[in-house]
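Bear in mind that the values in this text are calculations on the coordinates, not laboratory data. In this text the structure is predicted, and so the values were computed from the model without any measurement. We place every Cβ from the backbone using ideal geometry, glycine too, and count neighbours over all the protein chains shown.
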Amino acid sequence: MYLTKDEESSLEGDHGEALQVAMSLLVDVGDFYKADKLISVDSAHISGVSYLTGGDGLIDLLDFFVTKNAKVGVFSTLNPSGMDRINWKSHFIDLEFATKQYHILRNFEAMGVSTTCSCTPYDFGHILYKGQHIAWAESSAITFANSFFGARTNKEDSLSVLSAAIAGKTPNYGFHLTENRIPNVKVSVEVPLTSYSDFSVLGEVVGKKFNHIPFPFGAIPVFDGISHARPHQLKGLGAALASFGTQLYHVKGITPENEIYDKVTRFDDECTITEDDLNEVYEELRPPSDPDIVVIGCPNANLEEIMELEELSRNLKVRDGKEFWLFTNRAQKGLAEGLGLVKSLEERGIKILVDTCPEVTPYDKNRFKTILTNSIKAQHYITAPSLNGIPTYILPVKACVDAICEVNT
Ligand code: F3S
């Protein structure tokens, strides 16, 4: 891979050990993927933040970079941590976990990273545009950035994204190149999609159908037949697809890269989605018993979703012994607070958690045996034995509210 003189000198360690380590990792990645050069990125979004997923190894890695005085070279944000940084006791986090999580966040802060932890960094701080090169981790965020905004990022892992954040560069390969953004599968949608969970379940059906398309780029679907979608619904579609490895999708007439997808007439595979396909998933993932908790906000909820929940839960309250957690980010919570929505929701027993997410926060398994959500991605990951391993089911948000709330007399 071609390196400029300045990049060569960073690789030799002339600008400090932290940048040298970062450059050496980027060069390894670039050589592996046969990138021609490094390109500058406008921003980085860093994953690997929760102590639940990173453990002591993450602390050691960050301690190393901080000791070497590492600083990020571009605007960088963080994925969810394992807890609400202020109200961590409200969701039953113990002191040892909180202490370790604070250590991780302090290290990121020392490197100059914005520690507003969320997987929807496009809802605050970042302003993305078509063709912009960025280096992001977090599968749902990169899928939304690539697809909805037409920005360009590969799916970075926690090490490559930290290196890109420090160097302000990434190897020029994969989704940074137009030829790799061409759709390879076509999806004709013949069912009206009305809720966030409909889009999420569509992502599950399509993700399963095209699981055989090989990596590194996997399935790049183009959807035909979706006439209208709110941004948060496409965010849900992307998050579900991302859990099968998709990093870019197009929706005819809605997503911005029409000059790429309009030209394609031959596909590796095609399918048609009907109401029966969605119903099959809803049926399979219907809660078999009374859920102990509802979790909404995977990916983290935006203001529109908070407003919807506030409307759906009017005159209701969470039943005794049950929990209802809404995950969002500090920016959206601030907006909701200004509109009085946080107060209303809290009066009904709905807890609003920030800095974290339904997947990377630890649950008390004695207290929570059945979880209900409106997001396929949350369903996949909360159920995963390597994370919380708690049976999790899916319904549209209105049905989630009805399942856990009662009339407030
Ligand atoms: Fe975001 Fe966590 Fe879901 S990172 S996409 S809320 S699993």
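Observations on the model:
- Taking a ≥ b ≥ c as the square roots of the eigenvalues of the alpha-carbon gyration tensor, the stretch 143-222 is classed prolate because a/c is 1.5 or more and a/b outweighs b/c.
- Dipole of the chain [Lys/Arg +1, Asp/Glu -1 at C-beta], most positive-end residue of PHE175, SER195, ALA110: ALA110
- Both radii come from the Cα set of the chain: Rg as radius of gyration, Rh as Kirkwood radius; their ratio Rg/Rh reads 0.97.
- Whole-percent pair-distance distribution, where bins are 5 Å wide, for the alpha carbons of the stretch 192-243: 5, 21, 32, 25, 11, 6, 1
- For the chain, the Cβ-based charge dipole about the Cα centre amounts to some 480 debye (Lys, Arg positive; Asp, Glu negative; other atoms uncharged).
- Stretched out straight at 0.36 nm per residue, the stretch from ASN69 to GLU179 would grow longer than its current Cα-Cα span by 35.8 nm.
- Local electrostatic count at GLU259 - Lys and Arg +1, Asp and Glu -1, tallied over other residues with Cβ under 15 Å: +2
- The stretch 287-407: C-alpha gyration tensor shape, a/c 1.5 cut-off, then a/b vs b/c: oblate
- Translational diffusion of the stretch 5-177 was estimated from the Stokes-Einstein equation, with Rh taken as the Kirkwood radius over Cα pairs; at 4 °C and 1.567 mPa s the coefficient is 79 µm²/s.
- Considering only beta bridges that DSSP places wholly inside the chain, some 15 percent are antiparallel.
- Filtered trypsin sites (Lys or Arg not before Pro), the stretch 186-291: DSSP coil and at most 14 other beta carbons within 10 Å: LYS263, ARG266
- Counting every alpha-carbon pair across the stretch 40-122, the share separated by more than 17 Å comes to 45%.
- Under 16 Å from the ILE127 label point (7 Å along Cα→beta-carbon), backbone N, the stretch 35-54: 42-43
- Cα Rg, Dmax (largest Cα-Cα span) when computed across the stretch 181-282, Å: 12.3, 35
- Estimated from helical segments only, the mean residue ellipticity of the chain at 222 nm is -11000 deg cm²/dmol, where each DSSP H run of four or more residues counts as -39500 (n - 2.57).
- For the stretch 276-358, the share of alpha carbon pairs falling in successive 10 Å distance bins from zero is 17, 44, 29, 9, 0 percent.
- Here the stretch 287-407 is assigned +1 on the Cβ of each Lys and Arg and -1 on the Cβ of each Asp and Glu. Its dipole about the Cα centre then comes out at about 200 debye.
- Taken one residue at a time, the phi angles of the stretch 108-124 give Karplus couplings (6.51, -1.76, 1.60, θ = phi - 60°) of 4, 4, 4, 8, x, 7, 6, 9, 7, 7, 6, 8, 10, x, 6, 8, 7 Hz. Gly and Pro are set to x.
- Geometric extent, Cα atoms of the stretch 48-96 - Rg, Dmax (angstrom): 13.0, 36
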